[in-house]
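Where a number appears in this text, it was derived from the coordinates with a stated rule and is not lab data. Nothing here was measured: the structure is a model prediction, and the numbers come from that model. Glycine gets a Cβ as well: all are built from the backbone with ideal geometry, and neighbour counts include every protein chain shown.
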Amino acid sequence: MQPVTSVSGTAYPWGAKNIDTDIIIPAHWLKTITRVGLGRGAFETVRAQAGNVFDDPRYAGAPILIAGDNFGCGSSREHAAWALADMGVRAVIAPSFSDIFSGNAFKNGIVPVVLPQEAVDRLVEVAKDQPVTVDLETMTVTTPYQDRFTFELDPFRRQCLMQGLDEIGLTMAKDTAISKFEGAVDEHRPWIGSRSGYASIAVNGAGRT
Amino acid sequence: MASRPQTLYEKIWTAHVVERRDDGTCLIYIDRHLVHEVTSPQAFEGLRVAGRRVRRPELTLAVPDHNLPTTPRVDAAGRLLPIADPESAQQLDALRRNTAEFGVDYIDATAAEQGIVHVVGPELGFTLPGTTLVCGDSHTSTHGALGALAFGIGTSEVEHVLATQTLLLSQSKTMEIRVDGTLGFGVSPKDVILAIMGRVGAAGGTGHVFEYTGEVVRGMSIEGRMTLANMSIEGGARSGLVAPDETTFAYLKGRPMAPQGEAWDKAVAWWRSLASDSGATYDKVVRLDATDIAPSLTWGTSPEDVVPITGVVPEPDSFADPAKRAAAQRSLDYMGLTPGTAMQDVAVQHVFIGSCTNSRIEDLRAAAAVADGRRVADGVRAMVVPGSGLVKRQAEAEGLDRVFVSAGFEWREPGCSMCLAMNPDKVPAGERCASTSNRNFVGRQGPGARTHLVSPAMAAAAAVTGRLADVRDLMGAKL
Ligand code: SF4
């Protein structure tokens, strides 16, 4: 995962409340075999409406989304975070998030920023024509108009984001311990690491298609 | 170091701790990983995007099963037949490409070894006692029959295991399920696990790992133990274990991926040490007397909705818990059943013999014994789907296919088939199926489908009588 220390740029000045994961990515997109490319299906029903914020050229490719209360409620699909990441969103600012969505957001390098409703209202106004900056170092959201809102994040998750450590990355950092364990297994339970030959059966090994 | 008596679960857990964190969660090493086409594409995709490789490709084995149609895969000339549903075809193709790209062993749909992951793992000796084994599928608990700590995981965890060969886990509680006594005439392992579900309830095992013990379990074949372990998840437990014993070793010896020679002897010595110590304690204990278990089946839409075949559709008011009462009413509406109806008076239109619960050779033998010399009743569609190509081949060598086909059953290619409505084998809305699978959930076998979970012999009895029937009557008639 790419480290995120700050996210800066245009923001979709949306502010809509109770956006469930079905709005973020409709169910018919779940049959996909990849997590990339879901950006095309993101907010499909919203984008079907004329004048929507996502098709406004002023905000094209914005890395920040400003939304209302209870963002990401509904089904637990990780596809919602995959879709946002795929459309280039790296931070979502809202007064509250569903637990499952914020967990999925972290796993996919998206910062869920919780700010009070007044701050979110103010940012929706400013973001119409000004950039917004979310900074994980100072834990602030700032604008060129000297707005400065502080937010909080679970320290462990903040560290994961700033060092680009997803759960897999974190475990990979324990490579020495894992390798040591594997060494002990090779000694005491050698049949685990070296499976018997199976020339007699039809298994396609490395490199064969 | 003098240690207190330990259970089988604790011993396997302890042997796999890479690192213990302050909050008690442990980084657990995963010895074996099974992969199929549905829950793996995004995991491989994640590795690709992050530029990661599979840490130990040789500990992973991939095989397609869920989406695969159970119709012939090649034509008479040996040419591959296309798969009609483009999305299924795409997922199957992705598995083939991903395993090739990441160097993971892959069994193709056209190979004799192909089958349902939970049938393939044990029969190839990929599954071994005392291992930790995972798969992106909840019925991974099946492998616990061989004494493997086996459980289902989600797509993010599949990726985690591929990349690190570990998982961060917290230890579960343990529940001993002890079945003593002797099984009655016509009573199979499936009836035992249905009786257990009726007793423990669909959420009774939440947070626990089951260990099946007692003389009935000890007397069961590995196939029978797999039927028990398979449905542990239906009781809310993520895994179910049976301690490895002589039956286990005899089953595994000589399997292609099992250890051989000196490694085999060393392995057996370790496996013997895994059984729960006398004096080890469990967080909960449930005891059943096998003598009380009759051939059983489900009447509702939860695996805990179990009655003996001699029973009747229950009255919702007979349940003390108001939530259960309401659920029972909803189930009966969905199932199209009236309280008080004798289960044996309920007609079926479909019979499915297959799934990772009951598609192994013994299951097919039990069903064939009932089907032999009889005919599938008019208006019933009955299919037999062997769990793997090897099971199919074995059954054909024993002539079971001819028994089924001449009785009017369909004899199909291996796969998950009618267990879940993800491939072309489905039960139409409003129609009723006697099924040897493990889930009778709303819509599981197709939108509006009505499922009764039964043993293979009971399924065959339903096929030849056209209704839910007591297999003992048919077996008696032939004696
Ligand atoms: S047979 Fe059914 S329960 Fe078993 S793996 Fe396939 S779909 Fe899952």
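Here are a few things to note about the model shown:
- Sites A:Lys174 and A:Val46 - FRET efficiency at Förster radius 51 Å, r taken between beta-carbons, to 0.05: 0.75
- Karplus (6.51, -1.76, 1.60) ³J(HN,Hα), θ = phi - 60°, over the range B:95-101, in Hz, Gly and Pro reported as x: 4, 4, 5, 4, 5, 5, 5
- Cβ-derived FRET efficiency at R0 22 Å, B:Ala89 paired with B:Ala112, nearest 0.05: 0.50
- Taken residue by residue and averaged, Cβ atoms of other chains lying within 10 Å of the Cβ of B:55-64 number 3.
- Average beta-carbon neighbours from other chains, 10 Å sphere, peptide B:25-35: 2
- Under a 5 Å amide H cut-off, with hydrogens placed 1.01 Å from N, B:Thr357 pairs with nothing among residues at least 5 apart or on other chains.
- Residues listed by number, the range B:365-386, amide nitrogen under 11 Å from B:Ser406 label point at 7 Å toward C-beta: B:372-374
- Shape of the range A:42-140, Cα gyration tensor, a/c cut at 1.5: rounded
- Cross-link table B:Lys173/B:Lys253; B:Lys253/B:Lys392; B:Lys11/B:Lys173, entries beyond 23 Å C-alpha to C-alpha: B:Lys173/B:Lys253
- Cα centroid separation, the range B:67-109 to the range B:290-358: 37 Å.
- Cα centroid separation - the range A:111-171 against the range B:404-437, whole Å: 53
- Each of B:Arg374, A:Arg90 was scored by other Cβ atoms within 10 Å of its Cβ. Listed from fewest to most, they are B:Arg374, A:Arg90.
- Where a label projected 7 Å from the Cα of B:Asp345 along Cα→Cβ would reach, residues of the range B:292-315 with amide N under 11 Å: B:312-313
- Counting Cβ atoms of other protein chains within 10 Å of each residue's Cβ and taking the mean over peptide A:181-194 gives 5.
- Length-normalised contact order of chain A in % [C-alpha pairs under 8 Å, at least 6 apart]: 24
- Amide H contacts under 5 Å for B:Glu211, placed H, 5+ residues apart: B:Met175, B:Glu176, B:Ile177, B:Leu241
- Fewest-first sequence of B:Tyr9, B:Tyr334, A:Tyr59 by Cβ atoms within 10 Å of each Cβ: B:Tyr334, A:Tyr59, B:Tyr9
- Relative contact order computed over the range B:39-163 (Cα-Cα under 8 Å; 6+ residues apart), in percent: 31
- Residues whose placed amide H lies under 5 Å from that of B:Glu19, excluding near-sequence neighbours: B:Leu27
- Given R0 = 25 Å, the distance between the Cβ atoms of B:Ala326 and B:Arg199 translates into a calculated FRET efficiency of 0.70.
- Sequence-distant contacts, meaning Cα pairs under 8 Å at least 6 residues apart, place the relative contact order of the range B:357-479 at 28 percent.
- Take the Cα of A:Ala27, step 7 Å toward its Cβ, do the same at B:Leu81, and the gap between the two points is 3.1 nm.
- Using θ = phi - 60° in the Karplus curve 6.51 cos²θ - 1.76 cosθ + 1.60, the 3J(HN,Hα) couplings for the range B:179-188 round to 10, 10, x, 10, 6, x, 4, x, 9, 10 Hz; x is entered for Gly and Pro.
- Mean residue ellipticity, 222 nm, helices only, chain A: the sum of -39500 (n - 2.57) across DSSP H runs of n ≥ 4, divided by residue count and rounded to 500, is -8500 deg cm²/dmol.
- Residues A:Cys160, B:Cys433, arranged from fewest to most other Cβ atoms within 10 angstrom of their Cβ, appear as A:Cys160, B:Cys433.
- Cα centroid of the range B:161-176 to Cα centroid of the range B:187-262, whole Å: 19
- Listed peptides B:444-456, B:174-186 by packing density, highest first (mean Cβ within 10 Å): B:444-456, B:174-186
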